[in-house]
Amino acid sequence: GAVVLIDARWRRRPVGLVSGGSFETSQPLLSDLYYLERALSPYNEVERGTVRALLEGEFAALILADVGRVLDDDRQALERWIAEGGVLVRFAGPRLAAGVDSLVPVRLRAGGGRTLGGALSWDQPMALARFAEDSPFAGLSLGGDVRIQRQVLAEPALDLDRRTWARLADGTPLVTAEPRGAGWLVLFHT
């Protein structure tokens, strides 16, 4: 006979998805959540909903895809959830770039971001820089074919370097994060 103890690493984690868009059903390939859901589904239990509805459940992480300004009631509930150990991952886009929101790990520049490789741009789409040794992405190999065309810029700050997990080749932050209480707030600047 034998005893085998299985830890929780094989369990499919529940992940909640919230979209800032409104046409998910009519244009699924253009949905903010389409590719996120496809990437997460094989390994996680994925559920879509509103912030309020998802916070009533038990989720390992919540992902906000280009949600602009988070309403005050939702923001306060999310801040409590993060402080209690939740992980909130945000993906930037035109809606987040257009508004000021305190639920981000770094201050964002007013007016949003930059477009790389456009007809009126001097810059070409940019590659990723090597990941720092203290980044959660450390050790991952970079594909030479990954190029970023749009980015929401972070406001320069003294602690910006400490909060940056990934950068573009020119040194601008691509992924920033901040611990809040027992949880994390992470922002992908694309």
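Taken together, the values in this text are just the output of simple stated rules run on the coordinates, not laboratory data. Please read all numbers here as calculations on a predicted model, not as lab measurements. Here the Cβ is made from the backbone with ideal geometry for all residues, glycine too, and neighbour counts use every protein chain on show.
Miscellaneous remarks
- Loop-located chymotrypsin sites (Phe, Trp or Tyr not before Pro) in segment 37-91 whose Cβ has at most 14 other Cβ within 10 Å (DSSP): TYR43
- Here, segment 136-188 yields an orientationally averaged convex hull projection of 4.6 nm² when only Cα atoms define the hull.
- Coil-residue trypsin sites (Lys or Arg not before Pro) of segment 120-173, DSSP, other Cβ within 10 Å capped at 16: ARG130, ARG147
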